[in-house]
Amino acid sequence: MTDFDGYLRHLASERALSPRTVDSYSRDVAQFLSFCEYLGIPEDHPEAITQSVLRKYLSSMQAKGAAQSSISRRLSAVRSYMRYLAREERIAANPTALLHRARRPRRLPRAAGVKDVDRLLSAAGGTSPLALRDRAILELLYSSGIRLAELVSLDVGDYSEESLSVRVMGKGGRERVAPVGRQAAVHLRNYLASARPQLLGPANDCHAMFVNRTGTRLGGRSVERMIKKYLRKAGLPTTMSPHSMRHSFATHMTDSGADLRSVQELMGHADISTTQIYTSVSKERLYRVYRDTHPRS
């Protein structure tokens, strides 16, 4: 097994990162290793990776006009890989330890307005099994603020109608309980009582909460395509995504006066600094209202 294979296994098993996150790290590190090979450094000689090599890699990305956010992400993946090699004693010292950490531009998350979310939810009408499933998914995403990966990994036993909550496994293997609003609970009940059994069929014992038309666990890509469909139906920008529903959940909670610590717990953020960005979103909306309405703004 190569160092690269071992690293990917480390990300998936020890750090318990989602398959999508592992895939992202995999692409970024593979790109760096290809650059090293171009310089004559094979993968099985990581001790030849020096700070000079890293600076050349940084310069090559800048010369190609890569966005600062992309450069930061790729360097973060390389740092992670080199830390792994140092831990496994494949290298004597981590050459990224003193590498300048570029300041990543702070981007405010895109959150839909309350009226736009209502339009999206209303667009997912209908009584067919798939329509009932789709409405339950959209209601749950907005009601609980859970991630897409958390949604598709839910099992039926993770949902408690009695306590109106779902048990999810978040990033880094951290388990938390997320709330389920009463309207979402109504649509979940409709889906679980009639739609899901029809999609499963009589002989299927799949435990997944959300299943596709063949009775197997629904995938993240399918959820993304489903949301695009209802966005078009509602006449809304198709730039919205499942993660936009999560941002909308947090933004609307913050706008309504929820304290930051509570939002942090509900979102499953390990660090409150991640949650604090929603305070910026709320302030930005407040200033926009001021600029649009005050006669001397």
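Taking the stretch 136-157 as the range and being of a type in the set (S, T, N, Q) and under 22 Å from MET253 (Cα atoms) as the test, the residues that pass are SER143, SER144. Identify, please: which residue in the stretch 257-297 is in a loop (DSSP other than H, G, I, E, B) and at pLDDT 75 or above and is, among those, farthest from ARG221 (Cα to Cα)? Out of the qualifying residues, it is GLY257. Candidates in the stretch 231-261 are the residues that are touching an Asp or Glu at 6+ places or on another chain (Cβ under 7 Å) and not small (Gly, Ala, Ser); of these, the one that is farthest from SER18 (Cα to Cα) is LEU236.
Screening the stretch 162-172 for residues that are over 21 Å from the mean Cα position of the chain (by Cα) and not small (Gly, Ala, Ser) and picking the one that is surrounded by the most Cβ atoms within 10 Å (Cβ to Cβ) gives LEU164.
Restricting attention to the stretch 22-60, which residues are in contact (Cβ under 8 Å) with a residue 40 or more places away in the chain, over 15 Å from THR96 (Cβ atoms) and either surrounded by 12 or more Cβ atoms within 10 Å (Cβ to Cβ) or hydroxyl-bearing (Ser, Thr, Tyr) (or both)? SER24, GLN31, GLU43, listed by residue number. Picking from residues in the stretch 173-207 that are of a type in the set (A, V, I, L, M) and part of a loop (DSSP other than H, G, I, E, B), the one that is surrounded by the fewest Cβ atoms within 10 Å (Cβ to Cβ) is ALA203.
Check the stretch 87-102 and report whether any residue there is within 27 Å of MET245 (Cα to Cα), in contact with a helix residue (DSSP H, G or I) (Cβ under 6 Å, 6 or more places away or on another chain) and modelled with pLDDT of 90 or more. Checked against the condition, which is being within 27 Å of MET245 (Cα to Cα), in contact with a helix residue (DSSP H, G or I) (Cβ under 6 Å, 6 or more places away or on another chain) and modelled with pLDDT of 90 or more, the stretch 87-102 yields no hits at all.
Condition check ((1) at pLDDT below 90; (2) outside the structural domain of PRO242 (by TED's automatic domain parsing); (3) within 30 Å of PHE249 (Cβ to Cβ)) across all residues:
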{"position": "ASP28", "(1), (2), (3)": "no, yes, yes"}
{"position": "LEU39", "(1), (2), (3)": "no, yes, no"}
{"position": "ILE49", "(1), (2), (3)": "no, yes, no"}
{"position": "GLY65", "(1), (2), (3)": "yes, yes, no"}
{"position": "SER69", "(1), (2), (3)": "yes, yes, yes"}
{"position": "ARG83", "(1), (2), (3)": "no, yes, no"}
{"position": "PRO109", "(1), (2), (3)": "yes, yes, yes"}
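For first residues located in the stretch 254-266 and under 14 Å from SER144 (Cβ atoms) and surrounded by 15 or more Cβ atoms within 10 Å (Cβ to Cβ), partners that are of a type outside the set (Val, Ile, Thr) and modelled with pLDDT of 75 or more and lie 6+ apart or on another chain with Cβ distances below 7 Å form the pairs VAL263/ALA250; VAL263/MET253; LEU266/GLY145; LEU266/ALA178; LEU266/PRO179. Selection of first residues in the stretch 207-233 that are closer than 19 Å to ALA112 by Cβ and of a type in the set (Lys, Arg) and of second residues that are at pLDDT below 95 and in a loop (DSSP other than H, G, I, E, B), restricted to Cβ pairs under 6 Å at least 6 apart or on distinct chains, gives the following pairs, ordered by first then second residue: LYS228/THR238.
The residue list ARG27, ARG74, ARG9, ARG55 contains one member that is within 27 Å of GLU175 (Cα to Cα) and part of a helix (DSSP H, G or I), which is ARG9.
The values are calculated or read from the model by the stated rules, or taken from the named source; none is laboratory data. None of these values were measured; they are calculated from a predicted model. So basically every Cβ, Gly included, is an ideal-geometry build from the backbone, and we count neighbours across all protein chains shown.
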